[in-house]
Amino acid sequence: DAGVTQTPRHEVAEKGQTIILKCEPVSGHNDLFWYRQTKIQGLELLSYFRSKSLMEDGGAFKDRFKAEMLNSSFSTLKIQPTEPKDSAVYLCASSRDWGINYAEQFFGPGTRLTVL
Amino acid sequence: DAKTTQPDSMESTEGETVHLPCSHATISGNEYIYWYRQVPLQGPEYVTHGLQQNTTNSMAFLAIASDRKSSTLILTHVSLRDAAVYHCILRATGGNNKLTFGQGTVLSVIP
């Protein structure tokens, strides 16, 4: 089975631009997560979808971050407008059923975003 | 979220067994202990998890203290591929669904 796929692997944007990151979860997985990872803050949850429904929107990230899941096999994360502080690695993860106690999340390779 | 404490770094030699400790003194009864590892330029990789009993799989052995206030991830016959940052994480069942990673332990493996 293919793992979680993320594109692009690297993105460079100017301040104020709109960027869209893409994610394809593992086939058959019902749960999809978007995270942001930095050395200082560690891993921060941006969005969580269960069966395409938004379950958690990451609170502090609601303002300029918007994740969508149009179908069960594809999700996007839009950042609009970008700011230099958004420079980080953005990770997508999926799980067959995260509600089960013994579930695990499978992570993609991440998109490294640099905002100038 | 309950917090975990791990050493910043550890070193091992290929073929040896390494014990990675994790302290979680304020763990709640409904919290599972998860271990993930991450190498540069890749996303985190699931290693193992447990609640009370020791667990084992193809990647590692997880030893959980009887009071659950600490755990140890044991890697046998480590190879260069095991060099990574190892994260010990607590996850409660029910409501809070997110994984919270700290800085983890950087494991270096010497040939």
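Within the range A:62-116, restricting attention to residues that are of a type in the set (F, W, Y) and crowded, with 21+ Cβ neighbours inside 10 Å, which residue is farthest from the chain's Cα centre (by Cα)? Of everything passing the filter in the range A:62-116, A:W98 is farthest from the chain's Cα centre (by Cα). Considering the range B:1-47, and only residues there that are acidic (D, E) and at pLDDT 90 or above, the residue that is farthest from A:G108 (Cα to Cα) turns out to be B:E16.
Out of all the residues in the range B:37-44, is one or more out of contact with any Ser or Thr (no Cβ under 8 Å at 6 or more places or on another chain) and either among the acidic types (D, E) or not in a loop (DSSP other than H, G, I, E, B) (or both)? It would help to see each step written out before you state the result.
Quick first cut of the range B:37-44, residues out of contact with any Ser or Thr (no Cβ under 8 Å at 6 or more places or on another chain) only: B:37-44.
After this cut, where a residue has to be either among the acidic types (D, E) or not in a loop (DSSP other than H, G, I, E, B) (or both) as well, the list is B:37-38.
So far as the range B:37-44 goes, yes, one or more of its residues are out of contact with any Ser or Thr (no Cβ under 8 Å at 6 or more places or on another chain) and either among the acidic types (D, E) or not in a loop (DSSP other than H, G, I, E, B) (or both).
Candidates in the range B:13-58 are the residues that are in contact with a helix residue (DSSP H, G or I) (Cβ under 9 Å, 6 or more places away or on another chain) and surrounded by fewer than 19 Cβ atoms within 10 Å (Cβ to Cβ); of these, the one that is farthest from B:T76 (Cα to Cα) is B:V39. Scanning the range A:4-47 for residues that are within 11 Å of chain B (Cβ to nearest Cβ), of a type in the set (D, E, K, R) and surrounded by fewer than 13 Cβ atoms within 10 Å (Cβ to Cβ) yields A:R9, A:K39.
Assigned to a strand (DSSP E or B) and modelled with pLDDT of 95 or more: is that true of A:K22 in this structure?
Values: assigned to a strand (DSSP E or B): yes; modelled with pLDDT of 95 or more: yes.
Here the answer is yes, as A:K22 does meet what is asked.
Tell me whether the range A:39-51 contains one or more residues that are in a loop (DSSP other than H, G, I, E, B), modelled with pLDDT under 95 and more than 20 Å from B:G43 (Cα to Cα). Give the derivation first.
Step one: of the range A:39-51, the residues in a loop (DSSP other than H, G, I, E, B) are A:39-41, A:51.
Checking the rest, the ones that are also modelled with pLDDT under 95 come to A:39-41, A:51.
Those left that are additionally more than 20 Å from B:G43 (Cα to Cα): A:51.
Within the range A:39-51, one or more residues are in a loop (DSSP other than H, G, I, E, B), modelled with pLDDT under 95 and more than 20 Å from B:G43 (Cα to Cα).
Residue-level analysis places B:I74 among those that are among the hydrophobic types (A, V, I, L, M, F, W, C) and outside any loop (DSSP other than H, G, I, E, B). What do you reckon, is A:T76 away from chain B (no Cβ under 11 Å), at negative phi, of a type in the set (V, I, T) and assigned to a strand (DSSP E or B)? Yes: the conditions hold for A:T76. Taking (1) modelled with pLDDT of 95 or more; (2) closer than 29 Å to A:R50 by Cβ in turn, B:T100 satisfies each apart from (1).
Yes/no per residue for (1) within 12 Å of another protein chain (Cβ to nearest Cβ); (2) in contact with an Asp or Glu (Cβ under 9 Å, 6 or more places away or on another chain):
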residue: B:V18; (1), (2): no, yes
residue: B:P21; (1), (2): no, no
residue: B:V39; (1), (2): yes, yes
residue: B:V47; (1), (2): yes, no
residue: B:F61; (1), (2): no, no
residue: B:A65; (1), (2): no, no
residue: B:S70; (1), (2): no, no
residue: B:H77; (1), (2): no, yes
residue: B:A83; (1), (2): no, no
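The values are calculated or read from the model by the stated rules, or taken from the named source; none is laboratory data. The structure presented is a predicted model; accordingly, all values stated were derived computationally and were not measured. We place every Cβ from the backbone using ideal geometry, glycine too, and count neighbours over all the protein chains shown.
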